[in-house]
1. Answer yes or no as to whether A:Thr52 is within 18 Å of the chain's Cα centre (by Cα), among the hydroxyl-bearing types (Ser, Thr, Tyr), within 21 Å of B:Ser70 (Cβ to Cβ) and within 11 Å of chain B (Cβ to nearest Cβ).
2. Any chance the stretch B:70-81 includes a residue that's closer than 26 Å to B:Ile9 by Cβ, over 17 Å from the mean Cα position of the chain (by Cα), in the same structural domain as B:Glu15 (by TED's automatic domain parsing) and not in a loop (DSSP other than H, G, I, E, B)?
3. Could you please find all residues in the stretch A:84-100 being more than 7 Å from chain B (Cβ to nearest Cβ) and touching a residue at least 12 places away in the same chain (Cβ under 8 Å)?
4. Where the second residue is outside any helix (DSSP H, G or I) and crowded, with 24+ Cβ neighbours inside 10 Å and the first is in contact (Cβ under 8 Å) with a residue 40 or more places away in the chain and hydroxyl-bearing (Ser, Thr, Tyr) and lies in the stretch A:101-113, which pairs have Cβ atoms under 6 Å and are six or more apart or on separate chains?
5. Looking at this structure, is A:Val20 surrounded by 23 or more Cβ atoms within 10 Å (Cβ to Cβ) and among the aliphatic types (A, V, I, L, M)?
6. State all residues of the stretch B:31-49 that are surrounded by fewer than 24 Cβ atoms within 10 Å (Cβ to Cβ), away from every other protein chain (no Cβ under 13 Å) and among the β-branched types (Val, Ile, Thr); if no residue qualifies, say none.
7. Between A:Gln4, A:Gln16, which is within 13 Å of another protein chain (Cβ to nearest Cβ), in contact with a helix residue (DSSP H, G or I) (Cβ under 9 Å, 6 or more places away or on another chain) and modelled with pLDDT under 95?
8. Residues that are crowded, with 21+ Cβ neighbours inside 10 Å and of a type in the set (Lys, Arg): does the stretch B:314-326 have at least one?
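The values are calculated or read from the model by the stated rules, or taken from the named source; none is laboratory data. Predicted model, so just to flag it, every value in this text is computed and none were measured. Note that each Cβ is placed from the backbone with ideal geometry, even for glycine, and that neighbours are counted across all protein chains shown.
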Amino acid sequence: MSEQFSVYVPKLINKQEDFVHGHRACQGCGLALAVRLILKAAGKNTIVVSPTGCLEIISTPYPQSAWNLPWVHVAFENAAAVAGGIEGAFKALRAKNKKDNKKINIIAIGGDGGTSDIGLQALSGAFERGHDFLYVCLDNEAYMNTGIQRSSSTPFGASTTTSPSGAVSMGQITWKKNMAAIAAAHNIPYVATACPSYPFDLMEKVQTALKTQGPKYIHCLVQCPTGWGCATDLIIRLGSLAVETGIFPLYEVINGKYKLNMDFPKLRPVTDYLKFQSRFRHLKPADIAIIQKRVEQEWQALKQKVECFKKTGVK
Amino acid sequence: MAKREGIEISLAVAEAVKLADVDMVAAYPITPQTHIVEKLAEMVADGELKAAYINAESEHSAISLCLGSSIAGARTYTATSSQGLALMHEILYIASALRLPVVMTVVNRALSGPLNIWGDHSDVMGERDTGWIQFFAQNGQEAFDMTLQAFRVAEDHRVMLPVIVNIDGFTLSHVIEPIYILEQNEVNKFMKEFKPLNALDPRTPMTFGAFATPEYYIEAKKQLEQALFSSRKVITEVWNEFGKLYGRKYTPIEGYKANDANILLLTLGGIGETAQTAVDEMRDDGIKVGLLKLKLYRPFPIQELRRMCKKAKTLVIAERAMSIGGEGGPIGFEVRSAFYNEPTHLKIHDIILGLGGRDVRVEDFKMMINHALKNKPKEYELIGVRE
């Protein structure tokens, strides 16, 4: 199997399906697509841990399971701790010659709530302890399977059931928590952002992460037609628009060094992304101007980080 | 041969964990913790115990790490107390539902507030319904022995359930007692290799922790209930084997001068030994008093309790926890329920005492007995309160 899918031919991609058909994801679910691609990149020797959330609910209604790999769910806020326990146990069992040394990938896949809200402490603890595992946050920007309640990852201005737009409300009034920056602040060796609209990029990042020793984090924007209020046939385009408007830049932080994966001479206006989604429908031009300004500021700040590392030559 | 040595009970528990050759220990150092985990960390650091020692960032993560470790097929141990146990609460139900043989020492201490940290049973009574097997040790030797027994029971394929070994905070955990610490070769005769029933392995992919709709949930709970009740047989087997090997006999309820007693005391944990002194002294005064020490709290030994109370007229429960707003303490509820449909005239007094580390003295038991002999039972009585 090729490691650089985008350079060689997509035909070489793993044909094995480990997240199998028959799961209960909504039509146009970006999360289901992302999981399928992640597992293709990870390969057979992989264990997946999921916290409670969309992924768990769509894939394992007893007695069914969509997982062709070992998969474990314990609770909502502890996926990183459970993954850490598995990693610690394997290490101890190998040291005592009770287990062979064949590499097994441990991947925790959580949603934005289970990562940036209730699971943040366990995640921070696992990063700090240095467990050799990959944590992927599939960020659909709200608590979607329970009825679209806002999370700390919901973008500014989005209307959700607990941050509704109304006569005196513009919806979510806080800015999206920057989880990738929080992960990078733990000085872990690999952090990346990704989106299934760029499947080769996502898969390459998963493989890079799994080849890296220590804790790794991938923050993956996943489209949610149900929660975002968009057409199901538009989701791949929406992911691209999130990237092209600078709302969700694709970048990596490798050993502290920022690298922009997709640069643009000029960003598209944010309205190109916002206008396809009913969660932003209520926004007034003045509100959109605030978002536009913030996106540009953050884009510049990110580019400065990238430039800074280029100049100093820090490797 | 085992040597009898003066050792702090927390350290004796750590010795038992080491002798059990655990693979993984995960713990949070505070809320509050004991010397058990400090000693284990030291043993790992010195290479005496070959295990992963993981410092969790909370008790919630400590028990979650343990679940991950146990699913991965490692013999797994943790210890906690009070607030830390309360923080684990959510995950304890999942540990038993996933049938993971994690062993945990709970050093029983009061729950906040007010913040207290001294001994009583209010922490673990909150975990009554979590589906864990629960032992109560009354002294250091039992704390040591039960820790070894817990692994055998938990990991038996007929059981596959997590086990809590309860030891009283401070009056046991921090006290030095003469304890027979078994040698490794002696322990090896008793302990067996941990063979997980199902473990995470890419060669045999399995789904752990699927969710159950109303069509399946009750059946899952029924299976867990059956597993917990069925563990009784294995617990008895393990205790018998332990008794044969080392000469110390364990039963779900230990009776002391109970056979011919008119009035019986019922205790959990370390206050049983204090009560024993009171029983001896009152027997000298001609009062036919006896004592029942509850060693196995879950599964609750209801048949033994009924049988052992058959001849008595009065039962005095001394418990160190209360159910605020209810009619007494959790043991009181359970014991009274056990006799409600029985043809008995047993008078049951539920006495709550020793909360938050308040001393429980020999005189307290004498006072309770004298009181119970003269008065009709109330719903419950909280004694030793300054008013």
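1. Yes, satisfied.
2. yes
3. Correct list: A:Glu87 only.
4. none
5. no
6. Correct list: B:Thr31 only.
7. None of the other options fit; the residue is A:Gln16.
8. So far as the stretch B:314-326 goes, yes, one or more of its residues are crowded, with 21+ Cβ neighbours inside 10 Å and of a type in the set (Lys, Arg).
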